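Structure record follows, encoded as structure tokens.
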Amino acid sequence: MAVTPVVVALTRAGEEVAHRAAAALGAAVHGREGRVSRADAFFANALDHVRDLFAAGVPVVGVCASGILIRAVAPLLADKRAEPPVVSVSEDGAVVVPLLGGHRGANRLAAELARALGAQAAVTTAGEVALGLALDEPPPGWRLVNPEDAKGAMAALLAGGGARVLGEVAPWLAGLPEGDAVTITCGPAPVVGLGPGHLHFAPQRFVLGVGSARACPPGELAALVGHVLSEAGIAPEAVQAVATLDLKADEPAMTALARDLDVPLRLFPAAELEAETPRLSDPSEVVFAEVGTHGVAEAAALAQAGPDAALRVRKRKSAMATAALAEAPAPITALRGRARGRLSVVGIGPGHAAWRTPEVSRLVTEAEELVGYGLYLDLLGPLAAGKPRADFPLGGEEDRCRYALERAGEGRNVALVCSGDAGIYAMGALVFELLDRGPEAKGVSAAAGRIEVVCSPGVSALQGAAARAGAPLGHDFCTISLSDLLTPRADILRRLQAAAAGDFVIAFYNPVSRTRRTLLAEARDILLAHRPADTPVLLASNLGRPEESLRYRRLADLQVDEVDMLTVVLVGSSNTRLAQLGEGPRMFTPRGYARKIDGDLAQAGGPAPLTPRSISGQKKEGAQ
């Protein structure tokens, strides 16, 4: 359970218990507006808010009836191995019930809350109730080599069988009933013959230290590490981390190795690795002259494994890589050094929580710091509660991106928050432009250039506007920004002429500002030379927000004064229609199915009766 839980309070009656629970967990309290007087953040709708937290992977402790939490998350339930814990606490604090994620920390969370509140933890997970543990959730520092077999082993034990525990001492397994139904072995060496009747737990006492030349092939490093583990007689699951010099943070071979082993990548500056020189087997002056430390692979392994560790395998070399293995006297549970920094470039949509993707919510939740225009950070609501944030004004886009990159370069997990989609007229392109410039051309520092950058899609303004209108983007379309702050005016006019001649549906971004009032009128006049005066136009303002407004106009009647910077202007093509359908006007652009159907009928000599077979056999077009 890597993410800090959120305690949700719905009523004044449960408020005091919520704060006691939050204090015990070091968590924030999110309270229902109008019903809770004191909280770190407030929300309007309990079901939506709990669902949003759950989708983001946030453990939820609800001081409320269990049914509320169940109704909230039920539509999202899919894979119990990936779902975050959900725990309910009665308003009087007497009962704690882990509802979901029992094997992902919910049972431990319930036990911790029960101790803090003086409550009864109503644990119902079969293994926890009957055996006092879950075999698929070993304690920190241990790893189950064959987790896919844990369910069968638990079933055998619950059916009355016992277990033989062999190998290294594992106190957390001491309470299992003895017998021959299941064999459990504990140790760092590889074991064969695993299955539901034989589980193997590896103590994570080992750290792989690695180094490489620039652009070392990932396969070469992986092969070298395989030889090192084989030489030591160590299973990959006994490795707790991969460690290296911070200058190697962006080496694909390093990141791929950590990913394939499913362990953290830890980075150390040269000065910290140099402090390990007395423990190195063969300090190198050549390496020192190049990177400032007398060794990388051995030093990094020892630095992460701790002061009591020793080398199990000294440095081994391939053409472009080095690897060493350090062993600690006990399973390693602490992470030293720092992580590789990550910048998540996210778009939160127009601002409505329901239009924010679960992936974006997860990345925001995981982030240690939020960066963005203040309004966009405010729109995150409770999801941003308690997180450090750096607010930047409009016009400070380059400063905003540079700050986010440099903070990630220090090893932090940072989210750069944009509205809509971060890659559409937002900060995504500027992030990569700064990275591409490099330190020598007023880009970012070398450290910032080595971070991981993750881009996550968001609902763009044109998508939101089109969905509200109907389907105006049903055929070819384009987007044009009418801001000439960054794009030469001549380029904008040239693109307008091309789009008009091409008869595209057009979405205009940044249509006007207080000082820029002429380009929208010029765009209207250019389009009128190529399409009818009654071409439908949608003016969509404040999409997804309480003040949302949709207005339809004829192209000839489009007036600059009724448009502002919060408005997306969608201009139809010559084929776009505005029809009164059901609830009101619906704007759509036919794709040409009517012509296709007419042609098919003419070729066939008239319509044929439709049957399920003929419908299912038709070619499906337009899949997106």
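Any read-out appearing in this document is the output of simple, stated calculations on the displayed coordinates, not a laboratory observation. Predicted model, so just to flag it, every value in this text is computed and none were measured. Every residue, glycine as well, gets a Cβ built from its backbone with ideal geometry; the counts of neighbours run over all protein chains shown.
Miscellaneous remarks
- The candidate values are (1) 33.7, 142; (2) 29.9, 91; (3) 35.8, 124; the one derived from this structure for Rg and Dmax of the Cα atoms in Å carries the label (2).
- Sum of side-chain charges, P472 neighbourhood, beta-carbon under 11 Å (Lys, Arg +1; Asp, Glu -1): +3
- Each Cα pair under 8 Å and six or more residues apart adds its separation to the average, and for segment 6-124 the resulting relative contact order is 22 percent.
- Beta bridges from DSSP with both residues in segment 341-459: antiparallel share about 5 percent, rounded to the nearest 5.
- Segment 206-338 shape via C-alpha gyration tensor axes, a/c threshold 1.5: rounded
- Among 291-304, 572-585, sorting by the average number of other beta carbon atoms lying within 10 angstrom of each residue, highest first, gives 291-304, 572-585.
- Considering only the chain, percent of DSSP beta bridges that pair antiparallel, nearest 5: 40
- Ratio of the Cα radius of gyration of segment 385-447 to 2.2 N^0.38 Å, where N counts its residues: 1.12
- Length available on full extension from A155 to D436: 0.36 nm per residue minus the Cα-Cα distance, which gives 95.7 nm.
- Annotation: amide H of G474 within the under-5 Å range of T589, sequence separation 5 or more or interchain, hydrogens built in the peptide plane.
- Relative contact order, percent, segment 142-203 [alpha-carbon distance under 8 Å, six or more residues apart]: 42
- When shorter helices are ignored and each DSSP H run of at least 4 residues is given -39500 (n - 2.57), the per-residue value for the chain at 222 nm works out to -9000 deg cm²/dmol.
- Share, in percent, of DSSP beta bridges within segment 206-338 that are antiparallel, nearest 5: 60
- Pairwise FRET efficiency - R38 versus D262, Cβ, R0 = 45 Å, nearest 0.05: 0.65
- Cross-link reach is defined here as a Cα-Cα straight distance under 15 Å, omitting same-chain residues fewer than 8 places apart; for K80 the aspartates and glutamates meeting it are D136, E137, E148.
- Local net charge near R400, Cβ-Cβ under 15 Å (Lys/Arg +1, Asp/Glu -1): -4
- Measuring r between the beta carbons of F288 and N146 and using R0 = 56 Å, the FRET efficiency lands at 0.80.
- The Cβ shell under 13 Å around T487 holds other residues with a net charge of +2, Lys and Arg each +1, Asp and Glu each -1.
- Long-range tail of P(r) for segment 196-242 (Cα pairs > 12 Å, %): 67
- Rg and Dmax of segment 341-459, Cα atoms only, in Å: 13.0, 43
- The 3J(HN,Hα) values that the Karplus relation (6.51, -1.76, 1.60; θ = phi - 60°) gives for segment 321-337 are, in residue order, 9, 10, 8, 9, 10, 10, 10, 9, x, 9, x, 8, 10, 9, 10, 9, x Hz. Gly and Pro appear as x.
- Once the chain from Q580 to A594 is taken as fully extended at 0.36 nm per residue, the excess over their C-alpha distance is 3.1 nm.
- Per-pair calculated FRET efficiency, R0 = 41 Å: A467 and A446 via Cβ, rounded to 0.05: 0.40
- In order through segment 384-389: 3J(HN,Hα) via Karplus (6.51 cos²θ - 1.76 cosθ + 1.60), integer Hz, x for Gly, Pro: 9, 4, x, 8, x, 9
- Inter-site label distance for I68 and T333 at 7 Å from Cα along Cβ, in nm: 3.4
- Modelled label positions at V169 and D308, each set 7 Å beyond Cα in the direction of Cβ, lie 1.3 nm from each other.
- Residues of segment 556-583 with amide N under 16 Å of a point placed 7 Å along Cα→Cβ from A533: 556-559
- For segment 6-124, the spread of Cα positions along the three principal axes, ordered from largest to smallest, is 36, 30, 23 Å.
- Full-stretch length increase - R517, E547 - with 0.36 nm per residue and alpha-carbon distance subtracted: 8.5 nm
- For segment 373-478, averaging the sequence separation of C-alpha pairs within contact (under 8 Å, six or more residues apart) and dividing by the residue count gives a relative contact order of 24 percent.
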